[in-house]
Amino acid sequence: MLCQTPRLEPVDLQILNQVNVLRDQLRHAVQQAPMKWTLDLGKALTASAIAASNTIEGYQVDAKDVADLMDGEREVDTSDENKAETLAYQQAMSYIQSLHDVADFRYSKELLNSLHWMLQGHHHPLRTAGQWRKTSIRITAPGDELATDYEGPDHELLPGLMSELVHWLNDGDLDSHVLVRAAMAHLNLVKIHPWSDGNGRMSRSLQTLLIARGGVLAPEFSSIEEWLGMPGNTWDYYKVLREVGGPVFSPERDTLAWIKFNLLAYHQQTQRVQRRVDRSNDCWMQLIDAAPVYRLTERQLTALHEVAMVGRVRRSRYEKAEALNTQQANRDLQALTKAELLTAVGQTKGRHYIAGPRFPQNVLATAQRPHTIVNPYAT
């Protein structure tokens with residue numbers, strides 16, 4: 001038996017409709033934006049999602065370092081363990097993103113176990129990856145390892161429960177909104193807890209996959225993991241999972257509170273991304289206006305835009321973004337440094353560039369422009 005999709009209240013339906021409108025507006029904004037920075041923004045959002053999901057699990061890697069790792073950099077300021085977790089999650093996320101428009105796509109046990117192997121295979125065989133757990137499982141309460149927060153179903157029930165979940169993923173509740181189905185997929189997988197480790201990340205990844213398959217937004221704009229990884233939201237995330245799921249596997253419990261929590265996440269994360277798109281677009285236009293003053297080429301604007309929006313740029317990242325060879329990329333960055341638009345930080349291997357003393361201040365101010373995120377349930 002699985003957790004059942006609840007009947008939404010009028011306020012939930014109203015907020016779901018608002019999310020539909022916001023996501024449609026965001027889709028149009030992204031489609032109309034310059035391709036260069038849209039690709040950069042997509043990478044930044046993926047990096048933020050990976051960083052946030054790792055943070056939830058206790059692995060601390062800055063989103064900027066995640067972006068560098070995604071681009072092949074290895075000289076980043078984090079531990080080997082954090083690098084391994086980040087690269088594993090990137091691999092899984094890349095595969096999820098590639099599945100968003102597969103015509104004959106079907107969910108299966110094999111798909112879920114393969115995704116789990118991508119996430120957890122580097123821990124195998126100490127922590128078994130890619131196959132159902134063969135023992136009972138107990139989740140401890142935060143800060144008290146002796147206190148049981150949740151007990152998953154007996155391992156002998158897992159084949160049947162996962163068969164039921166896969167069937168539901170393919171054919172169940174198809175008349176429900178994709179965002180509601182995605183939230184329920186997350187809840188059911190995390191409560192079944194079929195693996196010995198990595199269940200939280202797998203459940204969040206599955207939610208992202210369902211949203212991406214919905215096709216409204218590009219996959220990298222679809223995840224709510226960045227929102228879930230914000231400190232206050234992470235606490236609320238665990239709290240609502242405890243309240244809805246109960247202390248043991250109890251699929252008969254009411255799940256409306258979980259859907260409300262996810263509708264809030266969808267709404268606020270879409271607001272956050274829209275504000276970021278707006279700032280990014282305004283920065284790009286301001287850099288175009290500044291180009292004649294500083295005698296900048298269009299490709300050099302990409303490096304400056306990256307610095308404004310992310311805080312730094314690496315030669316390898318700029319090189320890939322503009323399809324340059326290493327010599328060309330170095331020459332451009334050296335020219336920007338000589339013009340005092342950029343400042344080099346660090347030695348050759350770990351070097352990156354930040355805003356220099358002559359970097360257009362209006363662009364930096366726009367990149368740091370404050371915004372307000374509203375709670376739709378409080379309005």
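Each value in this text was obtained by applying a stated rule to the coordinates, not by laboratory testing. None of the values given here were measured: they were computed from a predicted structure. We place every Cβ from the backbone using ideal geometry, glycine too, and count neighbours over all the protein chains shown.
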| query | Can you list the trypsin sites (Lys or Arg not before Pro) in segment 205-310 that are in a DSSP coil and have 13 or fewer other beta carbons within 10 angstrom? | reply | Arg295
| remark: For segment 244-346, listing GluC sites (Glu not before Pro) in a DSSP loop whose Cβ sees at most 14 other Cβ atoms within 10 Å gives Glu252, Glu340
| remark: Expected vector for segment 194-210, Karplus 3J(HN,Hα) from phi with 6.51, -1.76, 1.60 and θ = phi - 60°, integer Hz, x for Gly and Pro, equals x, 10, 6, 7, x, 5, x, 5, 5, 5, 5, 5, 5, 4, 4, 4, 5
| request: Among Lys191, Lys349, Lys43, determine the one that fluctuates most according to a GNM of the chain built with springs between C-alpha atoms less than 10 Å apart. | output: Lys349
| said: Taking θ = phi - 60°, what integer Hz values does the Karplus form 6.51 cos²θ - 1.76 cosθ + 1.60 yield along segment 133-138, in sequence order, with x for Gly and Pro? | reply: 5, 10, 9, 5, 9, 10
| Residue-averaged 222 nm ellipticity for the chain, from DSSP H runs of 4+ at -39500 (n - 2.57), nearest 500 | -19500 deg cm²/dmol
| Of the labelled options (i) 20.1, 66; (ii) 25.3, 80; (iii) 22.1, 70, which one gives Rg and Dmax of the Cα atoms in Å as computed for this structure? | (iii)
| said: Cross-link candidates for Lys191: which aspartates and glutamates have Cα within less than 14 Å, leaving aside residues fewer than 8 places away along the same chain? | reply: Asp149, Glu151, Asp154, Glu164, Glu243, Glu252, Asp254
| remark: Residues whose built amide H sits under 5 Å from the amide H of Tyr150, excluding neighbours closer than 5 in sequence, are Ile139
| If you find the alpha carbon centre of segment 42-76 and of segment 163-219, how far apart are they in angstrom? | 23
| message | With +1 on the Cβ of every Lys and Arg and -1 on the Cβ of every Asp and Glu, and nothing else charged, how large is the dipole of segment 142-242 about its Cα centre, in debye rounded to the nearest 20? | response | 300
| Calculated from backbone phi, Karplus (6.51, -1.76, 1.60) coupling profile of segment 109-119 in Hz, x at Gly/Pro | 4, 5, 4, 5, 5, 5, 4, 5, 5, 4, 6
| said: Rounded to the nearest 5, what % of DSSP beta bridges with both residues in the chain are antiparallel? | reply: 90
